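The values are calculated or read from the model by the stated rules, or taken from the named source; none is laboratory data. Quick caveat: nothing in here was measured; it's all calculated off a predicted structure. So basically every Cβ, Gly included, is an ideal-geometry build from the backbone, and we count neighbours across all protein chains shown. Heads up: the accessible areas ignore ligands, DNA and RNA and are worked out on the full protein's heavy atoms, side chains in. Shrake-Rupley method; radii C 1.70, N 1.55, O 1.52, S 1.80 Å.
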Amino acid sequence: MAARIRKGDTVLVITGKDKGRRGEVTRVMPSESRAVVAGINMATHHTRQSQTEQGGIQYREASIHLSNLKLIDPKSEKPTKVGFRVLEGGRKVRVAKATGEVIES
């Protein structure tokens, strides 16, 4: 299955506690249909003190389901659905449904 959202894409959160916020995808987990977005869906993580590190509460990005994300078209800076098109050379590319433009990544 082709990836509609890839690492490095800018996305918009369309539902949940961070609705309306934008961020860059730092990691994609296609088998779980989830992605980690920088600065979005922050969760507290309690760490235990060790000989080398101080313990305490840390904030980390938790994964978010791909259905809750919408790709931002790099050319128009607006959210769009993603489609696919096969070019003449047999190369499959992502296409912004709103504008019909090819999304380079």
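For the range 1-66, what is one quarter of the convex hull surface built on the Cα atoms, given in nm²? Before the final figure, lay out each step's value.
Working: hull surface 22.3 nm².
For the Cα atoms of the range 1-66, the hull's average projected area reads 5.6 nm².
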Discussion item. Under 10 Å, Cα contacts only: if you run a Gaussian network model on the chain, which one of Val11, Val93, Val25 comes out with the highest mean-square fluctuation?
Written reply: Val93
Item to complete: Name the most mobile residue of Ile14, Ile40, Ile57, meaning the one with the largest mean-square fluctuation, in a Gaussian network model of the chain with Cα contacts below 10 Å.
Response: Ile57
Item to complete: Check cross-link reach from Lys97 to the aspartates and glutamates: straight Cα distance under 12 Å, and skip same-chain residues fewer than eight apart.
Response: Asp73
Worksheet item: Which of these, Thr80, Thr15, Thr26, has the largest mean-square fluctuation under a Gaussian network model of the chain (Cα springs below 10 Å)?
Response: Thr15
Worksheet item: Excluding ligands, DNA and RNA, what is the solvent-accessible area per residue of the chain at a probe of 1.4 Å, expressed in Å²?
Response: 69 Å²
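Once neighbouring chains are kept in place and the probe is 1.4 Å, which whole percent of the accessible area of the chain is contributed by carbon and sulfur?
On the way: 3450 of 7290 Å².
Carbon and sulfur together cover 47 percent of it.
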Item to complete: Sticking with the crude label model, points 7 Å out along Cα→Cβ, report the distance from Arg85 to Glu24 in nm, one decimal please.
Response: 2.7 nm
Response to the item:
Surrounding charge for Val13, neighbours by C-beta under 11 angstrom, Lys/Arg +1, Asp/Glu -1, total +4
